[in-house]
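S.K.: Dropping a structure here in structure tokens format, bear with me for questions.
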Amino acid sequence: MSTFLDKVRKTIARFHMVKPWDGILVAVSGGPDSMCMLHVLTALAPSLNLSLSVFHLNHRSRPESSSDARFVRAEARRMGFPFVLASCDVPAHAARNRLSFEDAARRIRYKELVRAARKEGKNLIATGHTADDQAETVLLHLLRGSALTGLGIPPVRGSIIRPLLEVTRAEVLTFCQEKGIPYITDETNLALQHDRNRVRWELLPLLEKEYNPRVRKHLCKMADLAWEERQVLQQLASEVFHKIVQDKEEGMVSLSIAGLLEVPLAIQRRALRLALEIVKGDLEGVGFDHIENMLEIVHGTTGKRLIIPGKVQCEKIYDRLFVTGGKKRRKILEELRPRLIESPGRTEAPEWGIAISAEIFPREDLPKGPFSPPSRIAYFDESKVRRPIWLRRRRPGDRFQPFGMEGTKKIKDFLMDEKVDPRLRDRIPLVVSGEDILWVVGLRTDERFRIGKETQKILCLKVEEYA
């Protein structure tokens with residue numbers, strides 16, 4: 001077996017990239033790196049009991065894009081592998097979403113790879129990044145002010161593996177030449193309007209010539225050390241996270257602020273990234289500044305909030321940090337639409353999990369007081385209540401006059417003062433009469449609708465669990 005294959009095998013073993021009987025979707029552009037990777041994995045597959053499928057994305061960015069796809073399809077079939085083709089107008093997508101071509105291509109490529117892997121029943125995705133790609137990426141990230149977390153290309157990230165990450169592009173080309181592996185050349189890799197190409201063809205050669213001929217090796221070593229240290233820090237952060245998490249469900253995580261502040265700042269940042277990743281599903285669009293802004297919320301006053309890309313909200317409520325968002329939460333809120341309350345009568349509101357019974361009777365039939373703060377039953381002066389009566393959730397700017405108080409108060413402030421769990425505030429039902437709030441169900445009625453000496457008829461609302 002060649003030295004090149006031995007080197008790749010060691011990389012695979014070092015980072016525990018595969019185990020026997022894994023299925024790998026191999027991302028093949030048709031260039032030398034990906035074609036080399038396909039042949040290397042083919043050579044290693046029998047001893048590791050791997051099954052392979054080939055994936056190609058037609059970027060539709062060059063006149064030759066379709067012929068590139070035909071070339072990869074032909075090679076996959078010649079080698080006996082299933083072939084998956086995806087196609088997307090990347091330049092148009094980049095223009096619509098105000099992204100660079102490189103960023104748009106990367107996002108689409110990984111999205112389509114994950115989709116294809118699921119369809120093909122493959123649990124791993126292999127990409128052909130080399131040590132040269134690693135050096136270029138580290139330099140790009142340093143220039144852009146990246147944190148340690150995103151310094152380089154990780155050898156393993158979830159289901160994605162990079163078997164060629166410790167071999168150079170020169171070694172790849174030599175292997176292709178020795179083995180007669182065909183490949184195509186993408187001339188856009190020479191275009192200097194792309195940042196990576198400028199680093200590849202201008203900056204790195206300049207650094208090698210003027211500063212250090214081994215700069216690529218040193219950059220890769222930096223990425224390697226950063227990855228190893230990142231793994232340790234991430235493990236520590238995971239342990240801390242599970243100790244300080246107060247609640248966790250789809251679309252919401254709350255953390256103990258006191259527990260968070262007990263650990264070093266580096267672990268705090270990673271714990272916050274974990275919370276975001278759980279709620280959001282990924283960390284797309286989340287940068288170092290967003291984590292720093294979250295830390296400002298942690299150290300700020302209660303009620304401070306922040307919106308993170310992906311419509312995720314970070315809010316400090318007393319001794320907890322709440323990270324909320326996700327499709328499920330939005331769906332729940334969308335389902336809580338206003339519902340007309342039959343008065344008199346019984347109204348079922350299964351989406352709220354309750355039913356409300358409304359009854360009208362003479363003043364003399366009112367049970368003897370004094371009445372405790374309303375939890376399941378509330379009484380009102382029927383003559384002051386305008387019809388129709390609705391059940392709805394809170395809206396921005398909602399105010400009412402809490403029973404026993406002279407002035408009005410925002411519902412938002414009232415719920416905060418009552419220390420209502422932030423997860424539940426949008427699900428607290430309000431009974432409203434016109435624009436007036438009669439009852440914050442389970443908490444407080446409105447002073448303006450209280451029973452007085454002049455009251456003749458009573459409106460009684462009773463809430464019970466919907467079954």
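S.K.: Just the Cα atoms of the range 207-255: what Rg and Dmax do they give in Å?
M.R.: 19.1, 55
S.K.: Using alpha-carbon positions, what is the distance between the centroids of the range 2-66 and the range 423-455, in Å?
M.R.: 65
S.K.: Computed over the Cα atoms, what is the radius of gyration of the range 235-329 divided by 2.2 N^0.38 Å, N being its residue count? Mind showing how you got there, number by number?
M.R.: Numbers: Rg = 11.7 Å, N = 95, 2.2 N^0.38 = 12.4 Å.
Against the compact-globule rule of thumb, the ratio is 0.95.
S.K.: OK, next. Within the range 1-31, which residues have the backbone N less than 15 Å from the label spot 7 Å out from LYS179 along Cα→beta-carbon, could you tell me?
M.R.: The answer is 1-12, 26-31.
S.K.: Sorted by mean Cβ packing within 10 Å, highest first, what order do the peptides 456-462, 90-96 take?
M.R.: Working: 456-462: 18.1, 90-96: 15.4.
Most protected by this proxy first, the peptides run 456-462, 90-96.
S.K.: Sort the range 336-465 into rounded, prolate or oblate with this rule: let a ≥ b ≥ c be the square roots of the eigenvalues of the Cα gyration tensor; rounded if a/c is under 1.5, and if a/c is not under 1.5, prolate when a/b is larger than b/c, oblate otherwise.
M.R.: Values: a/c = 1.66, a/b = 1.25, b/c = 1.33.
Cα axes put the range 336-465 in the oblate bin.
S.K.: Using R₀ = 51 Å, calculate the FRET efficiency as 1/(1 + (r/R₀)^6) where r is the Cβ-Cβ separation of GLU348 and ALA258; round to 0.05.
M.R.: Calculated transfer efficiency: 0.75.
S.K.: Among TRP439, TRP352, TRP390, which comes first, second and so on when ranked by fewest other beta-carbon atoms within 10 Å? Don't skip to the answer; put the middle values down first.
M.R.: On the way: TRP439 25, TRP352 20, TRP390 15.
The fewest-first ordering by Cβ neighbours comes to TRP390, TRP352, TRP439.
S.K.: At each listed q (0.13, 0.18 Å⁻¹), what is the log10 of I(q)/I(0) that the Debye formula gives for the range 114-248 modelled as equal alpha-carbon point scatterers?
M.R.: -0.73, -1.19
S.K.: What number, in percent, do you get for the relative contact order of the range 345-467 if the mean sequence gap of Cα pairs under 8 Å and at least 6 apart is divided by its residue count?
M.R.: Across the range 345-467, relative contact order equals 44 percent.
S.K.: Arranged by the count of other C-beta atoms within 10 angstrom, fewest first, what order do TYR379, TYR110 take? Mind dumping the intermediate values first?
M.R.: Details: TYR379 22, TYR110 17.
Sorted ascending by nearby Cβ count, the order is TYR110, TYR379.
S.K.: Moving to a separate point now. Assuming 0.36 nm per residue, please report the length gained on full extension of the stretch ARG107 to ALA45 beyond their Cα-Cα distance.
M.R.: My answer for the length gained is 19.5 nm.
S.K.: Roughly how far apart, in whole Å, are the Cα centres of the range 67-127 and the range 173-246?
M.R.: 21
S.K.: By count of other Cβ within 10 Å, fewest leading, how are THR347, THR324, THR445 ordered? If you can, show how the numbers build up before the last one.
M.R.: Working: THR347 17, THR324 20, THR445 26.
The most exposed by this proxy come first: THR347, THR324, THR445.
S.K.: Once the Cα gyration tensor of the range 184-297 is diagonalised, what are the square roots of 5 times its eigenvalues, in whole Å and ordered largest first, as equivalent ellipsoid semi-axes? Working shown, then result.
M.R.: Working: eigenvalues 299, 66, 30 Å².
Semi-axis lengths for the range 184-297 are 39, 18, 12 Å.
S.K.: Among the chymotrypsin sites (Phe, Trp or Tyr not before Pro) in the range 172-276, which ones are in a DSSP loop with at most 15 other Cβ atoms within 10 Å of the Cβ? Mind listing them?
M.R.: TYR211
S.K.: Nearest 10 degrees is fine. How inclined is helix 215-244 to the longest principal axis of the chain, computing both from alpha carbons?
M.R.: 30
S.K.: Could you compute Rg(Cα) / (2.2 N^0.38 Å) for the chain, with N its residue count?
M.R.: That works out to 1.36 for the chain.
S.K.: A follow-up question, please. Based only on Cα atoms, what Rg/Rh ratio does the range 1-157 have, Rh being taken as Kirkwood's radius?
M.R.: Details: Rg = 16.3 Å, Rh = 16.8 Å.
We get a ratio of 0.97 for the range 1-157.
S.K.: Next question. Assuming R0 = 41 Å, what is the FRET efficiency of LYS419 and ARG96, from their Cβ-Cβ distance, to the nearest 0.05? Intermediate values should be presented prior to the final figure.
M.R.: Details: r = 45 Å, r/R0 = 1.10.
So, using R0 = 41 Å, E works out to roughly 0.35.
Just so you know, all these numbers are worked out from the coordinates, no wet-lab data involved. On a predicted model such as this, the values are computed, not experimentally measured, just so you know. Glycine gets a Cβ as well: all are built from the backbone with ideal geometry, and neighbour counts include every protein chain shown.
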